[in-house]
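Notes follow once the structure below has been shown.
The values are calculated or read from the model by the stated rules, or taken from the named source; none is laboratory data. Since we're looking at a predicted model, the values are computed, not measured. In this analysis, Cβ positions are derived from the backbone assuming ideal geometry, glycine residues included, and neighbour counts consider all displayed protein chains. Areas reflect the complete protein model, heavy atoms only, side chains present, ligands, DNA and RNA absent. Shrake-Rupley method; radii C 1.70, N 1.55, O 1.52, S 1.80 Å.
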Amino acid sequence: MSTRIIIIDDHQLFREGVKRILDFEKDFEVVAEGDDGTEAVSLVEQYEPDVIIMDINMPNINGVEATRRLIDKYPEMKILILSIHDDESYVTHALKTGASGYLLKEMDADALIEAVKVVADGGSYLHPKVTHNLVNEYRRLASGEQKPSSNSLADIEYRKPLHILTRRECEVLQLLADGKSNRGIGETLFISEKTVKNHVSNILQKMNVNDRTQAVVVAIKNGWVQVL
């Protein structure tokens, strides 16, 4: 069964570029395209897609509002937001309305394909740069809410979770917290992307979390990674 995809973006050239990338994947099928959030709602009713790739900034109804309306009507709908904005306020707003992922338009083809696959499988996907910004915001808020004398995130003793992860998995977890992509992790550790994916899969299973973002948040709370 192929993954049925709808692309919603008011920039035709960008939309065509995304479609061209997805068409190279034999398991993907772009069943429809649209220009704005209003059209997204009608297209979903007509084509019943597995994943919607939607721009956040569009005329009439923007991507976030369209996501809210779609999730209200179809709670299990998988929506991947595309944006030029890496500010955490945009990300959190999109996720709160029910989006399954947030991808920056500066992404490469591999990141787009990976994001669609993860979201289609029921997971969550955040662009590595977005993850890094969310981690920094988490640190800022946590530090601001605590008294200087208490243990803030910056004061937590850094301790590797060797009771559940191998040393290599600890290294991968740290690089996830640094906001690196699978390719970036592979280049840093001199291992293949396939090996990185295997390590990430093992980390998620051992930590009992659904995606890499949850893994990073849990690791920060437990002081398992350094956030500089």
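Need pairs with beta-carbon distance below 7 Å; first residue within 15 Å of L70 (Cα to Cα) and within the range 88-103, second part of a loop (DSSP other than H, G, I, E, B) and open to solvent by less than 10 Å² (accessible area, probe 1.4 Å); sequence gap 6+ or separate chains. Correct list of pairs: A94/I56. Restricting the range 50-85 to residues that are hydroxyl-bearing (S, T, Y) and out of contact with any Leu (no Cβ under 8 Å at 6 or more places or on another chain) leaves a set whose member that is farthest from D121 (Cα to Cα) is T67.
In the range 70-83, how many residues are buried (at least 18 other Cβ atoms within 10 Å of the Cβ) and basic (K, R)? Of the residues in the range 70-83, 1 are buried (at least 18 other Cβ atoms within 10 Å of the Cβ) and basic (K, R). Residues in the range 16-57 that are part of a loop (DSSP other than H, G, I, E, B) and of a type in the set (F, W, Y): F24 alone.
Taking the options N133, N151, N208, name whichever one is under 19 Å from D86 (Cα atoms) and at pLDDT below 90. The unique qualifying residue is N133. G223 fulfils the conditions (1) within 18 Å of D110 (Cα to Cα); (2) touching a residue at least 40 places away in the same chain (Cβ under 8 Å) except for a single criterion, (1). Looking across the range 176-188, the residues that are crowded, with 19+ Cβ neighbours inside 10 Å and closer than 22 Å to A109 by Cβ come down to L176, G179, K180, S181, N182, I185, G186.
Condition (residue is open to solvent by 50 Å² or more (accessible area, probe 1.4 Å) and under 26 Å from Q214 (Cα atoms)) applied to the range 45-59: is it met by at least one residue? Looking through the range 45-59, at least one residue is open to solvent by 50 Å² or more (accessible area, probe 1.4 Å) and under 26 Å from Q214 (Cα atoms). Going by what's in this entry, would G63 be described as on the phi > 0 side of the Ramachandran plot and buried (at least 16 other Cβ atoms within 10 Å of the Cβ)? Judged against the criteria, G63 is not a match.
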